[in-house]
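S.K.: One structure follows; several queries about it will come next.
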Amino acid sequence: MSGLVGALGEAWSELRHHKLRVLLSLIGIAVSVGALTAVVALSEYQQQQMEEQSDQSGGRPATVSISVSRTDGAPMDWDAFDAHVAQVSERYSFDYLTRIVDPVPLQVQTPEQVRPVNARLVDPAYPVIHRTPLLEGRWFQEADAELLAPPVVISEALWDVYGRPDLGAGFALRTTGDTAGTYPVIGVTPRQYNGDEEKRITMMFDSYAARLDALPADVMVMYEVWVPEDGVAELGPVLAADLRAGLDDSTEVSVMRTDWASRPDAQSSMAVFELVTGGIAALVLLLGGLGLVNIQLVAMRQRIREIGVRRSFGATQGRIFTSVLLESVVATAVAGVIGIAIAVAVLKAPFVMDMFSAMQDIPPFPVRAAVTGLVAAVAIGALAGFIPALMAV
């Protein structure tokens, strides 16, 4: 142990003595390590962003979809099946369960005319399961179903039709037809992409059903439940069997996963991105290591007298080899720490974070990225110091 500490001390003294040479040789190492660290961190940020976008369409891992239909052509008794699903959900202690009906046509009075607008009927768990963002306002709460004027959430394109009024100033939609009435607007969902002009209303399922004697016979109700990803493979068949229990033979129940994590190719694009960008950064790091090897070899020719004096005072070949090798390792480790610090500073800059402003859960700087950068710096230092250490011996 004392020999290793002494070798580290000698390596640090040599680095201080040849600080200009070391500085020039390690600039490329620091930049390369910073680039490698930034690539790994950016890939994790990008993966988080892609996961959140996928959650908005298919639900969070693991989202299980439940659909039901009749094979004899008879109308579905949705009230009875809804009570059956609620009973099974209580047995399994599901925290997030939503009913979905999409689309439901409504006639909405706009400033210009009465126009048809599609609505989606959901429960308060829907925005949680689908990680649906909001531009303004809030999402539904359980107590909203008891309000005489049911609240709604509208798309940004529909909000623009009304001139983007203040939600807190009593802005409400008026509809005609079977569900005629006033619906206060409590939230606005942002455009999903540039040029998204879809005008859509999201309404609570119970609020819509309360204005009708019964759901139309042609309505198709989907159920989605968010469950822990561990054990979802075993849960699916058991849940399907429990939902089919007590139903007649003409009623078919289907249970399947809809979230992105259930697809085997879900991580392929991100893996390719990280592999390509990480390979480029590793190549740059290798080139920086080759430059350090050349400088160290030249330095060894200038240190022949110094090494001879050390040997004459009893330094063994192992001690000479270790000290020269550790010079490169210590130097690249210091350069790696500097490169990691630069990568952290750059990735935390506002102009970089603005690229991921759409993320709801911005992760902290990945520890994996810092560890990868530091390990790469030490490894390239060991490789770069091995040949000069042999030459010194």
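S.K.: Figure the gain on full extension for Ala282 and Ile362 (residue separation times 0.36 nm, minus the Cα-Cα span) and round it to one decimal in nm.
M.R.: Details: separation 80, 0.36 × 80 = 28.80 nm, distance 2.64 nm.
Net length gain for the segment: 26.2 nm.
S.K.: Moving on. At a 1.4 Å probe, what is the % contribution of carbon and sulfur to the accessible area of the chain?
M.R.: 60 percent
S.K.: Beta carbons within 10 angstrom, averaged per residue: use that to sort the peptides 236-249, 337-350, highest first. Show your work: numbers first, answer last.
M.R.: Details: 236-249: 13.8, 337-350: 16.7.
Per-residue mean Cβ counts within 10 Å order the peptides as 337-350, 236-249.
S.K.: Spelling out what I want: for every residue of region 327-342, take phi, set θ = phi - 60°, compute 6.51 cos²θ - 1.76 cosθ + 1.60 (Karplus), and round to whole Hz; glycine and proline get x.
M.R.: 4, 5, 5, 5, 5, 5, 5, 4, 4, x, 4, 5, x, 5, 4, 5
S.K.: For the pair Ala233/Ala149, report the inter-label distance in nm, with labels modelled 7 Å from Cα in the Cβ direction.
M.R.: If labels sit at Ala233 and Ala149, their model points lie 5.2 nm apart.
S.K.: The list (1) 22.4; (2) 23.2; (3) 26.2 gives values of Kirkwood radius over Cα pairs in Å, and only one came from this structure; which label was calculated from it?
M.R.: Of the labelled values, this structure produces (3).
S.K.: Please compute the per residue accessible area over region 105-166 with all protein chains in place, 1.4 Å probe, rounded to a whole number of Å².
M.R.: Details: 2880 Å² over 62 residues.
The answer is 46 Å² per residue.
S.K.: Taking R0 as 41 Å, what FRET efficiency do you get between Asp102 and Ala341 from their Cβ-Cβ distance, rounded to the nearest 0.05?
M.R.: Working: r = 49 Å, r/R0 = 1.20.
The calculated FRET efficiency here is 0.25.
S.K.: Which of Pro184, Phe140, Asn194 sits closest to the plus end of the dipole of the chain, meaning its Cα is farthest towards the positive end, when Lys and Arg get +1 and Asp and Glu get -1 on the C-beta?
M.R.: Positive-end residue among those listed: Asn194.
S.K.: Restricting to the chain, compute how many DSSP beta bridges are antiparallel as a %, nearest 5. Provide the component values of the computation, followed by the final result.
M.R.: Details: 35 of 44 bridges.
Just about 80 percent of them are antiparallel.
S.K.: Once you charge only the Cβ atoms, +1 for Lys and Arg and -1 for Asp and Glu, what is the size of the charge dipole of the chain about its Cα centre, to the nearest 20 debye?
M.R.: Numbers: 28 positive and 44 negative charges, 712 e Å.
For the chain, the charge dipole is close to 3420 debye.
S.K.: Right, something else. Which of the listed residues, Val371, Gly336, Val352, is farthest toward the dipole's positive end in region 279-380, when Lys, Arg count +1 and Asp, Glu count -1 at the beta-carbon?
M.R.: Gly336
S.K.: Can you give me the distance in nm between label points at Ala245 and Thr176, each placed 7 Å from the Cα along the Cα-to-Cβ direction?
M.R.: According to this spin-label approximation, the distance is 5.0 nm.
S.K.: Report the charge-dipole magnitude of region 71-171 in Debye, nearest 20, computed about the Cα centre from +1 at each Lys and Arg Cβ and -1 at each Asp and Glu Cβ.
M.R.: Numbers: 7 positive and 16 negative charges, 56 e Å.
For this selection, approximately 260 debye.
S.K.: Continuing with the same structure: Quickly estimate the mean residue ellipticity at 222 nm for the chain, helices only: each DSSP H run with n ≥ 4 gives -39500 (n - 2.57), and the total goes over all residues, rounded to 500.
M.R.: Working: 12 runs with 205 residues, N = 393.
When only DSSP H runs of four or more count, the value is -17500 deg cm²/dmol.
S.K.: By its C-alpha gyration tensor, with a ≥ b ≥ c as the square roots of the eigenvalues, how is region 171-258 shaped: rounded for a/c under 1.5, else prolate for a/b larger than b/c, else oblate?
M.R.: Working: a/c = 2.87, a/b = 1.52, b/c = 1.88.
Verdict is oblate for region 171-258.
S.K.: Over the heavy atoms of Met50, what accessible area does a 1.4 Å probe trace out, to the nearest 10 Å²?
M.R.: Surface open to solvent at Met50 totals about 70 Å².
S.K.: While we're looking at this one, here's another question. Just grab the label-to-label distance for Ile304 and Arg138, each label 7 Å out from Cα along the Cβ direction, in nm (one decimal).
M.R.: Between Ile304 and Arg138, the label points sit 8.2 nm apart.
S.K.: Per-residue counts of other Cβ atoms within 10 Å, averaged by peptide: what ranking do you get for 370-380, 29-39, 66-76, 96-106, highest first?
M.R.: Numbers: 370-380: 20.5, 29-39: 25.5, 66-76: 13.2, 96-106: 17.8.
Ranking, from highest mean packing down: 29-39, 370-380, 96-106, 66-76.
S.K.: Quote the FRET efficiency, to the nearest 0.05, computed for Arg120 versus Ala379 with a Förster distance R0 of 45 Å and r equal to the Cβ-Cβ distance. Don't jump to the answer; show the numbers that get you there.
M.R.: Details: r = 53 Å, r/R0 = 1.17.
Once the sixth-power term is evaluated, E becomes 0.30.
S.K.: Within 10 Å, count the other beta carbons around each residue, average over each peptide in 147-153, 166-172, 382-388, and list them highest first.
M.R.: Details: 147-153: 17.9, 166-172: 11.9, 382-388: 21.0.
Top of the packing list down: 382-388, 147-153, 166-172.
S.K.: Could you give the dipole magnitude of region 142-216 about its Cα centre, charging the beta-carbon of Lys and Arg +1 and that of Asp and Glu -1, in debye to the nearest 20? Mind dumping the intermediate values first?
M.R.: Values: 6 positive and 12 negative charges, 45 e Å.
Taking the Cα centre of region 142-216 as origin, the dipole is about 220 debye.
The values are calculated or read from the model by the stated rules, or taken from the named source; none is laboratory data. Everything numeric here is computed off the predicted structure, so don't read it as measured data. Note that we place each Cβ from the backbone using ideal geometry, even for glycine, and neighbour counts take in every protein chain shown. Heads up: the accessible areas ignore ligands, DNA and RNA and are worked out on the full protein's heavy atoms, side chains in. Shrake-Rupley method; radii C 1.70, N 1.55, O 1.52, S 1.80 Å.
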